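What follows is a short report on a single structure.
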Amino acid sequence: MYPEHHIIKNGHIDKCQICNSNKLNLILDLGQQRLCDTLLTKEMLDQQETKYPLRMVWCEECSLAQIDYCVDGNLVYHPDYPYRPGITKELVEYQNCMSKSLISKYNLKQGNFVVVLGSNDGTLLTGFKEYGIKVLGVEPTNIEKIANQNGIDCATAPNIQSAIKAISSKEPKCLSIIGSLYTAGRVLNLN
Ligand SMILES: [Zn+2]
């Protein structure tokens, strides 16, 4: 049974997202902030931007550091979300190291199947594909087009149900690794 307190509603969060304790202590208050990775068009420059509280808190019970306000995921991951790890040299190197490490640790070979949820432009999957491993990216934003242009099979999936459908439609049926890039922090209801 999925714990009810793991289903985080949009807005202020007053209990720990993991253990449900209300013993949350403020660590850092960065005030009201605009959404990052939401670039303004020329037409939007004169309009007022929505701001949200950005506060980091720490749970006394389980020690998880977390933020205490949740913005609607559809606003954060809008279709034109521009985040692309592939344009940052250090991120490309880091994700290549990660794929090599996972290939070695789990002894992955040709024929294995790796899925990444929230795959962005497919940078992480590139490292697996180079070794002949079958890959699939699942991405809620239009960034998936860049992955597909770069030869990384990537499906658009705005929610977890469509992600499952996309994964189960692929061969082979047996997953070797399924990974997630900062998805848990933004997918509020996995049911
Ligand atoms: Zn806690």
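None of the figures in this text is laboratory data; all of them are computed from the coordinates on show. Owing to the predicted nature of the structure, the values given are computational and were not obtained by experimental measurement. Using ideal geometry, Cβ is built from the backbone for each residue, glycine included, and neighbour counts are taken over all protein chains shown.
Amide H contacts for L64 (H built 1.01 Å from N in the peptide plane; partners 5 or more residues away or on another chain; cut-off under 5 Å): C59. For the chain, C36, C70, C97, C154, C174 have no disulfide-compatible partner, since no other Cys C-beta lies under 4.7 Å from theirs.
Projecting the Cα positions of G11, S104, L35 onto the charge dipole of the chain (unit charges on Cβ atoms of Lys, Arg, Asp and Glu, taken about the Cα centre) puts S104 furthest along the positive direction.
A crude spin-label estimate for the pair L175 and L35, with each label 7 Å from Cα along the Cβ direction, gives 2.6 nm.
Taking the Cα centre of segment 85-180 as origin, work out the dipole magnitude from +1 charges on Lys and Arg Cβ and -1 charges on Asp and Glu Cβ, in debye rounded to 20.
Computed about the Cα centre, the dipole is about 320 debye.
With helices as the sole contributors, the chain gives -6000 deg cm²/dmol at 222 nm; each DSSP H run of n ≥ 4 counts as -39500 (n - 2.57), and the sum is divided by every residue. Classify segment 1-106: rounded, prolate or oblate, from the alpha-carbon gyration tensor (a ≥ b ≥ c, eigenvalue square roots; a/c under 1.5 rounded; otherwise prolate if a/b is larger than b/c)? It comes out oblate by the Cα gyration axes.
Amide hydrogen proximity for Y52: with H placed 1.01 Å from N in the peptide plane, the residues at 5 or more positions away or on another chain lying under 5 Å are Q33, R34. 3J(HN,Hα) couplings calculated from phi for segment 140-154 with the Karplus curve 6.51 cos²θ - 1.76 cosθ + 1.60 (θ = phi - 60°) are, in sequence order, x, 10, 5, 4, 4, 4, 5, 4, 5, 4, 8, x, 9, 5, 9 Hz; Gly and Pro show x.
With charges only on Cβ, +1 for K and R and -1 for D and E, what is the dipole size of the chain about its Cα centre, in debye, rounded to 20? Intermediate values should be presented prior to the final figure.
Working: 19 positive and 20 negative charges, 132 e Å.
So the magnitude is around 640 debye.
Here the relative contact order of the chain, from alpha carbon pairs under 8 Å that lie six or more residues apart, stands at 18 percent.
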